[in-house]
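Participant: I'd like to ask some things about the structure below.
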Amino acid sequence: MKVCVIGAGYVGLTSSAVIAELGHEVICVDKDETKINQLNSGLIPIYEPGLSELLNKNAERLSFSIDIEKAIKESSIIMIAVGTPSLPDGSTNLTYIYSVIEDLASSIESYKTIITKSTVPPGTNEMIDSMLSTKIKPSLFNVVSNPEFLREGTAVKDMLFPDKTLIGIKPSDKKSIDIMKKLYQGLEAPFIITTLTGAELTKYASNAFLAMKISFINEIARLCEAYDVDVMDVAKGIGTDPRIGSQFLRAGLGYGGSCFPKDVSSLHHTAQKKKVQTPILEAIQDINRTQVKEYISKLIKLVPELSAQKIAVLGISFKPDTDDIRYSKAIEVIEELAKIGCEIHAYDPIAFLPKGNLGHVIQGKDLDSVIKDAHCLFIATEWTEFSTIDWQKVKGLMSGNIIVDGRNCLNKENLEKMGFYYLGVGRG
Ligand code: NAD
Ligand code: UGA
């Protein structure tokens, strides 16, 4: 099969590599010429473990282009993987989807299966279908909703070994299921088939549920602090119950990234439009919104003269093993500390601080220079490099002894034995 993937971001590039690995020919297109030039010269514009290897392995079945019209004309399958960011009111910005609809309408001359991988609000695929039907013959295409469930940092593995393939189709569509089965032939995952809107809502419900687990354990962490209990014990205790499950119960600074924040707020917005009350979605966001501030307040209480201190912030990306800084809680930590006027030295193995005025922030090239003379060390992202650090050396480098473990990734007892003051999230 010949597949055109529109969008060369985290999802588009991973999809391109995996679909090529499954034996299909892939043209990955993007409006961003710099990205396409990079890809054509063998450079991968994002950091995603295993992606470069899989792209290289399948190079003979993969090409990259900015010629979207040509790629659409040549392919029988079109996969939409463009961004769907938030608008200021929390709803989804569908500008990039509309632009793809224009490209499809002006290019389609033969039958296409149009697959939406981007996360789009309920009703969007029906809208794509009806907008296209006014511009081209309905017999020339079918729209399929096929939301993606990969996580950054493990995207390749998640896509090669998915727990399901979620497919939404129109009731009248008798062609697409067979085509989707051929496309994903080789992946061992059950097909879950529903309507276009059913698939969209399932994707949002999935992200909202995972975000809910995180906000729930963060709320319990606040209670743990009031009762001098370690939230890690509580998470372990409840997580062994298979009805609850142990994953996504890591208390910390809250969820960030390009997905949970925008998707929970988009679902809330969608519900409001339909006049449906969603107090759980509101509570999930409220807890997440206040989590970083909670720990900055605790730090200020601990060090009243915080503004005069050097603080080392370890981690810039929104989670380990990615360079993505969208809605990163680490950036929020830096912004809050900068507001106070602290001298901030940040370090990340891969990610970079955003351009623009964050305040008095320096990104160091190595851990030692960032930690040297710091009064406090603030772990904002749990890269393995930080949890395996030589703490004796750190002790010698720092001027103070405060460790804020914003991701509960350190051994509290060991650090306390060594003379550090340890502040974790809900750790008694
Ligand atoms: P991204 O921002 O990394 O990449 C999107 C790409 O689309 C960009 O390179 C952009 O230049 C390109 N683009 C935008 N408009 C275009 C157009 N009209 N024609 C061609 N290219 C265009 O985004 P992402 O993180 O890969 O996310 C894409 C979608 O997948 C979003 O809807 C997101 O919610 C969803 N999703 C993301 C993840 C994830 O972990 N990142 C996981 C599951 C689902
Ligand atoms: C998330 C989902 O896990 C994917 O299934 C989904 O496809 C994707 O969103 C999406 O729709 O785009 P991702 O954002 O890449 O994936 O990363 P996660 O591992 O889910 O982490 C999200 C945030 O939650 C991070 O900031 C992480 O630090 C935080 N988190 C995660 C916690 O605070 N505690 C946990 O126990 C787990």
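Participant: Can you give the alpha-carbon Rg of the range 302-404 over 2.2 N^0.38 Å, where N counts its residues?
Facilitator: Working: Rg = 12.5 Å, N = 103, 2.2 N^0.38 = 12.8 Å.
Output field value: 0.98.
Participant: Which order do peptides 181-194, 41-54, 305-318 fall in by mean Cβ count within 10 Å, highest first?
Facilitator: Details: 181-194: 13.7, 41-54: 15.4, 305-318: 22.5.
Going by the mean number of other Cβ atoms within 10 Å, highest first, we get 305-318, 41-54, 181-194.
Participant: Once you order the gyration tensor axes a ≥ b ≥ c over the Cα atoms, which shape class does the chain get: rounded for a/c under 1.5, otherwise prolate or oblate by comparing a/b with b/c? Can you show the working numbers first?
Facilitator: Details: a/c = 2.21, a/b = 1.78, b/c = 1.24.
Since a/c reaches 1.5 and a/b is larger than b/c, the shape of the chain is classed as prolate.
Participant: Still on this structure: Between Ser172 and Ser110, what is the label-point separation in nm under the 7 Å Cα-to-beta-carbon projection?
Facilitator: 2.4
Participant: At a threshold of 8 angstrom on Cα-Cα distance, excluding pairs fewer than six apart, so keeping six or more, what relative contact order does the range 141-272 reach in percent?
Facilitator: The normalised contact order for the range 141-272 reaches 22 percent.
Participant: If the chain between Leu302 and Phe191 were fully stretched, how many nm would it gain, using 0.36 nm times the residue separation less the Cα-Cα distance? Don't jump to the answer; show the numbers that get you there.
Facilitator: Numbers: separation 111, 0.36 × 111 = 39.96 nm, distance 5.29 nm.
Between Leu302 and Phe191, full extension yields an extra 34.7 nm.
Participant: Take every Cα pair under 8 Å in the chain that's 6+ residues apart, average their separations, divide by the length, and report that relative contact order as a whole percent. Walk me through the intermediate numbers first.
Facilitator: Working: 828 pairs, mean separation 52.6, N = 428.
Here the relative contact order equals 12 percent.
Participant: On a C-alpha basis, how far is the centre of the range 79-146 from the centre of the range 62-77 in Å? Whole number, if you could?
Facilitator: So the two Cα centres are separated by 16 Å.
Participant: Let me have the relative contact order for the range 61-189, percent, based on Cα pairs under 8 Å that are six or more residues apart. Don't skip to the end; give the middle numbers.
Facilitator: On the way: 151 pairs, mean separation 26.2, N = 129.
Relative CO of the range 61-189 lands at 20 percent.
Participant: Next question. Among Glu60, Glu25, Glu200, which one shows the biggest mean-square fluctuation in a GNM of the chain, springs joining Cα atoms closer than 10 Å?
Facilitator: Comparing Glu60, Glu25, Glu200 in the GNM, the peak value goes to Glu60.
Each value in this text was obtained by applying a stated rule to the coordinates, not by laboratory testing. Everything numeric in this text was worked out from a predicted model, so none of it was measured. Note that each Cβ is placed from the backbone with ideal geometry, even for glycine, and that neighbours are counted across all protein chains shown.
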